[in-house]
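In what follows, a single structure is set out as structure tokens and then discussed.
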Amino acid sequence: MLRTLLPFLVILPSLAYNLISLACGRRFFKQGLGTGDQGPGKGHIDAVSAANHQLPVPDYQSPVPGPRFPSVTILKPVKGMDAESLANFTSFCTQDYAGTVQMLFAVASPDDPAIPVIRQLMTAFPGQDISLVINPATHGPNYKVSNLINAFPKARHNVIIVCDSDIRVAPDYLQSVTSHFADPRVGLVTSLYRTSRVPNIATAVEATGFTVEMIPNVMVALQLEGLSFALGASMAVRRETLADMGGFEVLADYLADDYQLGNKARAAGWRIALDHCFVESMVKAESLPSVLARQLRWARTMRVSRPGGYLASGVTLAFPATLLAAVSAPSTITALAAIALLYAVRLTVATIFSRRFVRDNLLPRWLWLIPLRDMLAFCTWALAFLGNRVEWRGSRFRLKPGGKIEELA
């Protein structure tokens, strides 16, 4: 009897984690139903077309200015071109927002190919406060943080929003994010991200990972212990919170600046809020090796940042559970039954996240990819223990305990 039950027992941790993540996700998204989770709307598309063709920008029905709409500075560190860069930048210029908005781009090189696109944006929106800071000064091995440090002195407002250059947002993004600052205890607001359009299988591997791994993991962390980290796609922080934690300078030696920003903000006594408004990570076609290299970088970064939690996360992975079920089962039929049970639950939970919570339209089209994704996730998890070197934007680094990095020659 024990041998018959053993394959079902070894899949139990992964099975239970899937169901727990579903319950946590249902609780979070039920609270935020209808609050900006539909993605870019028609007004956003019209505004993008206006920027591309030098046409007038649509006149939005903005809410009345007031304390609910604090003045914000959007800091965008940029290096090189991303997929549809102009459209991504334009989405921040067409916000349905009554407060004052400053948009501040930061690049290190005067030859950066994104600069002409930024200047095109300035021409398309002459009435908006858009500035460009070009400064090659480095303050540590994290060049993105160096860009932030170089541009920050020109930030004029008390709410600072850091958004990656490949991010596109809906017209209600600023309204949704800044609403959390009505609570004086909230020092940082971060946003979930998704990828709804994938040009090839390699990018689908990464995009489905957001839906079936990253977001469920965030849901569990949020409900069980509260957030102690931020998600780098979108981070809104009070100027006071930055000052309490030592400014952007304290992040310059870390690879996972988003994790550290949230961690240090919480250590300084501030609350971290997770917004219900998704932002879109726009991707271009990539090869599978480049995607896996990025996944390995993330995995090794999390291993050194949260070693205990990272090690424990291996228990919840589906692929090693299927291997253990296969080798421990007394017969092929029993093994297949245990594996079928695990994946019946896993694929159902993944589909619910994709269709009802994340609404990225990736599933069921890419549902067949989930077992492959699970195998690659396990390999990445295991390889993270076998080295401490990573590649990031053309540079090679050595990871140190705690998440700091040292650039290699």
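The values are calculated or read from the model by the stated rules, or taken from the named source; none is laboratory data. Predicted model only: the values in this text are computed from it and were never measured. Quick reminder, even Gly has a Cβ in these numbers, built from the backbone with ideal geometry, and neighbours come from all protein chains shown.
General remarks:
- Index of the failed condition, ASN217 passing every other in (1) crowded, with 22+ Cβ neighbours inside 10 Å; (2) assigned to a helix (DSSP H, G or I): (1)
- Residues of segment 260-291 satisfying the condition of being among the acidic types (Asp, Glu) and surrounded by 21 or more Cβ atoms within 10 Å (Cβ to Cβ): ASP275, GLU280
- Considering (1) among the polar types (S, T, N, Q); (2) in a loop (DSSP other than H, G, I, E, B); (3) more than 30 Å from GLU225 (Cα to Cα); (4) modelled with pLDDT under 90, the lone condition that GLN95 does not fulfil carries the number (4).
- The condition (being under 14 Å from the mean Cα position of the chain (by Cα) and hydrophobic (A, V, I, L, M, F, W, C)) is satisfied by just one residue among LEU255, LEU231, LEU242, LEU251: LEU231.
- Condition check for THR94: under 28 Å from PRO184 (Cα atoms), in contact with a helix residue (DSSP H, G or I) (Cβ under 6 Å, 6 or more places away or on another chain) and of a type in the set (Ser, Thr, Tyr): yes
- Restricting attention to segment 181-216 and to residues that are within 21 Å of ASP275 (Cβ to Cβ) and among the acidic types (Asp, Glu), the residue that is farthest from the chain's Cα centre (by Cα) turns out to be ASP183.
- Number of residues in segment 124-145 that are under 12 Å from PRO77 (Cβ atoms) and among the acidic types (Asp, Glu) equals 0.
- Residue in segment 183-206 that is part of a helix (DSSP H, G or I) and buried (at least 24 other Cβ atoms within 10 Å of the Cβ) present: no
- The residues of segment 307-330 that are in contact (Cβ under 8 Å) with a residue 24 or more places away in the chain and either over 11 Å from PRO7 (Cα atoms) or not in a helix (DSSP H, G or I) (or both), listed by number, are TYR310, SER313, GLY314, VAL315, THR316, LEU317, ALA318, PHE319, PRO320, ALA329, PRO330.
- Within segment 126-146, residues that are farther than 17 Å from HIS157 by Cβ have Cβ atoms under 9 Å from residues that are hydroxyl-bearing (Ser, Thr, Tyr) and assigned to a loop (DSSP other than H, G, I, E, B) in these pairs: ILE134/SER109; PRO136/SER109; SER146/THR138, counting only partners at least 6 apart in sequence or on another chain.
- Unique match (being touching a strand residue (DSSP E or B) at 6+ places or on another chain (Cβ under 8 Å) and within 20 Å of LEU192 (Cα to Cα)) among LEU242, LEU296, LEU261: LEU261
- Hits in segment 157-182 - residues which are closer than 20 Å to SER290 by Cβ and either in a helix (DSSP H, G or I) or among the aliphatic types (A, V, I, L, M) (or both): ILE167
- Flag if VAL283 is within 15 Å of the chain's Cα centre (by Cα) and closer than 27 Å to ILE149 by Cα: yes
- Per the listing VAL57, VAL48, VAL107, the residue uniquely modelled with pLDDT of 95 or more and not basic (Lys, Arg) is VAL107.
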